Amino acid sequence: MTEPWSCLEASQNPRLEEFWKFHSDNPNVFHLFADVALKTKRSGRDRYSIQAIAEVVRWQTDIETIDQHFKLPNNTRAYYARLLMHEFPSLKNFFNTRPVAGADLWWRN
C-alpha cells in the first residue's frame, strides 16, 4: 500500500504524518482493524464506531500478543476509519467522520 496523502496534506496536520509513520511501522494493525470492520459489516451493520473497533484491536494486541510495549494511540482512529473506507469499497460511509485538516481530500475521491 502506498501513502495516499500528499506532503501538502500532511503539512496541514502533523498528526496525519504521525499516523502514516505509525501505520508504516505497524502494518499488522491495519489488518486487525480491517478484519474487525469487515466482520462487523458482514454481521449486518450498515454503520459502526471506529472507537469500538479500536478497543477490540487494542484488546487483541494487548491480551493476545506478547508485545507489552505496543501502544495503539487514540489519535490513529480517525485515520484508520478513513483508510478502511478508502481501501474497502464495502465500508464506504461505514464510519461517521468529522473534518480533519489535511485528511479529507484523498479519501473522498
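The values are calculated or read from the model by the stated rules, or taken from the named source; none is laboratory data. This is a predicted model, so every value here is computed, not measured. FYI the Cβ positions are ideal-geometry reconstructions off the backbone, even for glycines, and counts take in every protein chain you see.
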Handout entry: All positions within segment 36-91 that are part of a helix (DSSP H, G or I), in contact (Cβ under 8 Å) with a residue 24 or more places away in the chain, closer than 15 Å to N26 by Cβ and of a type outside the set (A, V, I, L, M)
Key = Q60, T61, N75, T76, R77, Y79, Y80
Completion exercise
Among residues of segment 3-23 being of a type in the set (D, E) and at pLDDT 75 or above, the residue surrounded by the most Cβ atoms within 10 Å (Cβ to Cβ) is E17
Exercise for the section: Would you mind stating whether A103 is in contact with a helix residue (DSSP H, G or I) (Cβ under 8 Å, 6 or more places away or on another chain), buried (at least 20 other Cβ atoms within 10 Å of the Cβ), modelled with pLDDT under 90 and not acidic (D, E)? Expected result: yes
